[in-house]
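Colleague: I'd like to ask some things about the structure below.
The values are calculated or read from the model by the stated rules, or taken from the named source; none is laboratory data. Everything quoted here is computed from the prediction, not taken from an experiment. With ideal geometry, Cβ positions are generated from the backbone for all residues, glycine too; neighbour counts draw on all protein chains shown. Each accessible area value is taken on the protein alone, full model and side chains, heavy atoms only, with ligands, DNA and RNA left out. Shrake-Rupley method; radii C 1.70, N 1.55, O 1.52, S 1.80 Å.
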Amino acid sequence: MTSLSNVTKGISRSGASTAPYEQALWQELSAAIEFYHHAPDALIQVLHRAQELFGYLREDVVQYIARELRLPISRVHGVIGFYSFFSRIPQGKYTISVCMGTGCYVKGADQILRGFEKALNIRAGQTTPDGRFSLRCVRCVGACGVAPVAMVGNDLHTNLKIDSVKKVLKAYK
Amino acid sequence: MTLNELLEWRDRARKAMELRLGEVPPSDPGAPFKRREVLICAGGACVSCGNAAVITAFRDNIAKRGLSDYVKVVETGCVGCCDLGVVIIVMPDNVLYRKVTATDARTIVEKHLVGNEIVTELLHTGENGEPYKSPGDMPFFNKQLKIVLENCGLIDPQSIGEYVARDGYQALGKALFEMDPQEVIQEVLASGLRGRGGGGFPTGRKWSIMAAAPGPEKYIVCNGDEGDPGAFMDRSVLESDPHRVLEGMLLAGYATGSHKGVLYVRAEYPLAIKRLQIAIDQAREKGLLGERILGSDFGFDVEIRVGAGAFVCGEETALLASVEGKRGQPRPRPPFPMQSGLYGKPTMINNVETFANVPPIIRNGGAWYSKIGSPRSPGTKVFALAGKLVSTGLVEVPTGTTLREIVFDIGGGVPGGHQFKAAQTGGPSGGCIPAAHLDTPLDFDSLQSIGSIMGSGGLIVMDETACMVDVARFFMEFCVDESCGKCPPCRVGTQQLYHMLTKITNGTATERDYQNLQELCNVVRSASLCGLGMTAPNPVQSTIRHFREEYEAHIFNHRCPSGVCRKLLTFSIDQDKCTGCSLCARNCPASCIEKVDGLKKYTIDSSKCIHCSACFDVCRFDAVLKV
Ligand SMILES: Cc1cc2nc3c(=O)[nH]c(=O)nc-3n(C[C@H](O)[C@H](O)[C@H](O)COP(=O)(O)O)c2cc1C
Ligand code: SF4
Ligand code: SF4
Ligand code: SF4
Ligand code: FES
């Protein structure tokens with residue numbers, strides 16, 4: 001399930017053997033690296049692009065980035081591990097981010113989180129077995145005025161109540 | 001572009017915005033319709049409330065009624081009253097409609113734009129149902145003083161022309177052609193502006209230190225990390241008036257002899273990043289960024305760097321590490337960033353709101369600014385109001401405004417007949433202010449004296465249903481998660497503090513734990529390397545200071561007076577309210593909810609209850625009680 005299974009197949013710009021879609025992704029990634037002139041200090045920006053393209057930071061992608069930016073692989077993994085935005089495991093089709101910032105917390109965000117956990121039968125940080133939803137907590141998405149909120153992908157759902165959980169999920173079935 | 005061209009551009013752009021600026025031309029009596037502008041809020045909250053459908057509905061209906069030559073639809077930045085989204089304002093009539101849907105859009109077109117009649121039922125109303133026509137009639141707006149937010153909700157953030165119409169880039173022109181760098185710094189010093197990122201360091205002093213740093217390679221960094229959970233001021237400024245931040249950075253560059261700027265924005269703000277990039281592209285195209293700006297010798301350019309979800313990256317040395325593509329871990333200072341910062345070069349870091357204050361200071365003079373608000377921290381402050389308030393959103397008030405004015409006059413007080421209990425400022429580095437201190441003026445020094453901090457401007461109001469120990473535990477959990485792990489007092493200390501607070505909320509803490517908690521707070525404060533660790537004990541210490549009796553109730557009486565700490569609550573079912581729907585019983589993981597023999601009622605066997613609160617959460621009839 002983790003990206004480690006990809007290590008073997010991915011060392012040398014592995015796109016060649018895979019589908020054209022995959023090749024397009026590699027091209028986009030390579031373009032991003034060109035845009036930053038292979039500068040090692042662009043690592044975080046390049047990782048963002050890679051995660052956007054591939055959905056998560058697969059081991060072969062990480063190795064490719066390390067090589068292109070001339071950085072030791074350990075440095076790259078150190079950075080990925082440090083920042084909560086980066087993920088090394090595949091995410092569900094939709095990521096539900098329940099805000100647990102202060103504004104949402106005082107308005108009952110923990111109840112909303114429990115509601116999602118119950119409805120999806122997973123805990124925060126997990127993905128449903130059908131790969132549809134990942135659930136995670138985030139700290140303040142800057143919509144505290146309409147708290148409590150949750151994001152599904154990039155869509156913001158505001159003023160949530162415990163009953164809204166099912167409604168929100170239904171919209172992404 | 002030259003300075004003269006900029007002035008001409010401003011006059012032209014102003015003309016184009018005359019309806020909005022209240023400089024209304026005499027209407028043409030022969031015209032079938034009045035000329036109007038419909039401003040639709042495109043701030044983060046209104047986008048999520050479905051403003052796209054409202055915009056489409058306006059465009060369609062305006063076209064359908066043949067109004068296209070008379071009415072223009074403008075997407076603006078955040079108006080501020082985020083709880084009323086989608087907010088629209090019709091100009092020049094200055095009428096604010098709230099909670100507008102696509103259907104309402106049609107009504108507004110028919111009645112207001114065609115029929116010249118105000119749609120009363122879509123106006124916001126006061127406590128006693130009195131309708132408010134204009135923003136200025138609403139208590140939420142009429143106590144505010146907008147300097148930083150002067151354009152928010154008025155201009156289209158994606159249009160450089162509208163910023164220019166509002167005297168945008170005039171301060172830059174004035175600085176480049178009428179002032180030498182030292183004079184710019186003098187004005188900032190005279191304004192008394194203090195950094196809005198939380199620390200309150202005098203901005204003019206910072207700029208003069210930077211001006212003296214050896215060049216020519218020096219960096220200006222804008223801190224747009226805004227990690228304090230419960231704060232969204234910087235986000236709104238970046239999304240609603242991005243050029244203002246660029247102009248502030250340009251002025252800093254000119255004043256300090258720096259030619260490169262970096263805007264560090266957190267990844268959680270995709271809309272801000274998008275609008276900033278548009279603003280940068282426009283400014284470059286117009287020659288307001290790049291070489292020889294406005295034909296002067298001064299050159300400056302900026303670049304955006306996106307964070308990746310780490311609160312500590314708001315700390316300046318961690319931020320610099322992150323810009324360099326490294327793990328965002330703080331390092332000891334000195335050397336300070338202005339001695340050795342980005343790539344080892346002198347680097348000056350200011351907050352978004354700090355930069356946003358500078359253009360009006362240069363336009364109107366430092367003396368003008370210094371007369372606003374409290375003498376020791378002059379100017380205005382933007383607060384993000386959230387929590388248990390009637391009106392939430394973004395407000396800007398002169399410093400020194402009291403907490404009471406913000407909570408009760410602007411925020412409309414606590415809804416639902418609840419009582420004000422505390423306001424939290426400064427996020428995980430700040431503290432809780434109890435009702436007894438409601439008359440504290442909000443400025444850097446007064447807040448510090450009562451054990452909180454101004455912080456970046458998050459202000460969260462809590463009512464009597466909030467447990468202060470639980471709130472302290474909440475912030476400590478945040479610090480545990482966000483500690484970068486570099487130094488043990490913070491890495492281990494915050495974890496221990498969190499465990500102790502958890503014990504208290506579970507009712508298993510002893511008096512000894514309570515003493516240890518207070519001692520450890522002092523250790524973490526004094527021994528941590530960076531501000532995160534040094535201020536992590538603040539929420540604990542401030543709640544102990546102002547709400548000691550709540551801690552003691554948990555520890556000595558095993559009671560949570562606010563009914564929050566689940567482990568200390570007894571769950572029971574109100575037999576009068578229970579309808580026998582069985583929902584709770586089906587959701588109880590401990591199977592301890594049973595049907596009462598012969599009745600359509602349920603009851604809880606509290607000896608088996610594991611205090612998960614599932615029954616309370618699911619009951620639709622408020623029949624489950626927790627005390
Ligand atoms: C843990 C931590 C987090 C911080 N987060 C922010 C932040 O999100 N935004 C910000 O402007 N300053 C933040 N600061 C303060 C900055 O380090 C720095 O003092 C500030 O950006 C300076 O700008 P100013 O002088 O304009 O206030 C943080 C500091 C610490 C210790
Ligand atoms: S105080 Fe905390 S966040 Fe700061 S350097 Fe130490 S461990 Fe890292
Ligand atoms: S959910 Fe509420 S109403 Fe239904 S059985 Fe339980 S207590 Fe009674
Ligand atoms: S709190 Fe949980 S365990 Fe206790 S009765 Fe309610 S559902 Fe059952
Ligand atoms: S606390 Fe949830 S959006 Fe700010």
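Colleague: Average partner chain C-beta neighbours within 10 Å, per residue of B:223-236?
Modeller: Whole-number average of other-chain Cβ neighbours for B:223-236 is 4.
Colleague: With the other protein chains left in place, how much accessible area per residue, in square angstrom, belongs to the stretch B:273-391 at a 1.4 angstrom probe?
Modeller: Here the residues of the stretch B:273-391 average 33 Å² of exposed surface.
Colleague: Which of the aspartates and glutamates could a cross-linker span from A:Lys93 if the Cα-Cα distance has to be under 16 Å and same-chain partners fewer than 8 positions apart are dropped?
Modeller: Counting by Cα, and skipping residues close in sequence, A:Lys93 has these aspartates and glutamates nearby: A:Glu52, A:Asp130, A:Asp155.
Colleague: Where nothing but the Cβ of Lys and Arg (+1) and of Asp and Glu (-1) is charged, how large is the charge dipole of chain B around its Cα centre, in debye to the nearest 20?
Modeller: 900
Colleague: Can you tell me the dipole magnitude for the protein assembly as shown around its Cα centre, using point charges on the Cβ only (Lys, Arg +1; Asp, Glu -1), in Debye to the nearest 20?
Modeller: The calculation lands at about 1780 debye.
Colleague: Provide a whole-number value for the mean count of partner chain Cβ atoms within 10 Å of the Cβ atoms in peptide A:103-113.
Modeller: For peptide A:103-113, the averaged partner shielding equals 6.
Colleague: Let me ask another. Would you work out the relative contact order for chain B, in percent, from Cα pairs under 8 angstrom that are 6 or more residues apart?
Modeller: 11 percent.
Colleague: Next question, about the same structure. Checking the cross-link filter: which lysines have an alpha carbon closer than 29 Å to that of B:Lys111, excluding same-chain neighbours under 8 positions apart?
Modeller: Here the lysines satisfying the reach criterion relative to B:Lys111 are B:Lys15, B:Lys34, B:Lys64, B:Lys72, B:Lys99, B:Lys133.
Colleague: Regarding the stretch B:486-571, what are the three Cα extents along the principal axes, ordered largest first, in Å?
Modeller: Over the stretch B:486-571, Cα extents along the principal axes are 43, 22, 21 Å.
Colleague: Determine the alpha carbon to alpha carbon distance for each of B:Lys381/B:Lys486; A:Lys166/B:Lys274; A:Lys107/B:Lys503 and list only those over 26 Å.
Modeller: B:Lys381/B:Lys486; A:Lys166/B:Lys274
Colleague: Beta carbons within 10 angstrom, averaged per residue: use that to sort the peptides B:118-125, B:306-313, highest first.
Modeller: Listed from highest to lowest mean packing, they are B:306-313, B:118-125.
Colleague: Next up: Just want to confirm a number: the relative contact order over the stretch B:569-626, from Cα pairs under 8 angstrom separated by 6+ residues, in percent.
Modeller: 49
Colleague: Let me ask another. Mind checking which aspartates and glutamates have their Cα closer than 18 Å to the Cα of B:Lys326? Skip sequence neighbours fewer than 8 apart in that chain.
Modeller: A:Asp41, A:Glu68, B:Asp225, B:Glu303, B:Glu315, B:Glu316, B:Glu482
Colleague: Helix B:270-285 versus the longest principal axis of chain B: what angle, 0 to 90°, nearest 10, using Cα atoms?
Modeller: Roughly 10 degrees, rounded to the nearest 10.
Colleague: On the principal axes of its Cα set, how long, how wide and how thick is the stretch B:291-380? Give whole Å, largest value first.
Modeller: Here the Cα extents, ordered largest to smallest, are 42, 39, 26 Å.
Colleague: List the residues of the stretch B:325-355 for which accessible area in the full set of protein chains is at least 10 Å² lower than for the chain on its own; 1.4 Å probe, protein heavy atoms only.
Modeller: B:Gly325, B:Lys326, B:Arg327, B:Gly328, B:Tyr343
Colleague: Which one of B:Tyr514, B:Gly215, B:Pro26 is farthest out on the positive end of the charge dipole of chain B, using unit charges on Cβ (Lys, Arg +1; Asp, Glu -1) and the Cα centre as origin?
Modeller: After comparing all options, I get B:Tyr514.
Colleague: I've got another one for you. Once the piece of chain linking B:Glu178 and B:Arg586 is laid out straight, how much longer is it, given 0.36 nm per residue of separation minus the C-alpha distance between them?
Modeller: 139.3 nm
Colleague: Take every residue in peptide A:73-84, count the Cβ atoms of other chains within 10 Å of its Cβ, and give the average of those counts.
Modeller: 4
Colleague: May I pose another question? Taking the full set of protein chains and a 1.4 angstrom probe, give the accessible area of B:Arg12 in square angstrom, rounded to the nearest 10.
Modeller: Spelled out: B:Arg12, probe radius 1.4 Å, area about 150 Å².
Colleague: Sort B:161-174, A:51-64 by packing, meaning the average of other beta carbons within 10 Å per residue, with the highest value first.
Modeller: B:161-174, A:51-64
Colleague: Distance from the Cα centre of the stretch B:444-492 to that of the stretch B:105-123, in angstrom?
Modeller: Here the answer is 46 Å between Cα centres.
Colleague: I'd like the interface area for chains A and B: accessible area of each alone minus the complex, both sides summed, 1.4 Å probe, protein heavy atoms only. What is it in Å² to the nearest 100?
Modeller: For A against B, buried area totals roughly 3600 Å².
Colleague: Now a separate question. Cα centroid distance between the stretch B:1-41 and the stretch A:111-173, in Å?
Modeller: Here the answer is 44 Å between Cα centres.
Colleague: Further question: Name the residues whose placed amide hydrogens come within less than 5 Å of the amide hydrogen of B:Ile304, ignoring near sequence neighbours (fewer than 5 apart) on the same chain.
Modeller: B:Leu263
Colleague: Another one. Using only Cα atoms, find the angle between the long axis of helix B:468-482 and the longest principal axis of chain B, and express it within 0 to 90 degrees, rounded to the nearest 10.
Modeller: 60
Colleague: For the protein assembly as shown, what class follows from the C-alpha gyration tensor (a ≥ b ≥ c being the square roots of its eigenvalues): rounded when a/c is under 1.5, otherwise prolate if a/b is larger than b/c, else oblate?
Modeller: Here the protein assembly as shown falls in the rounded category.
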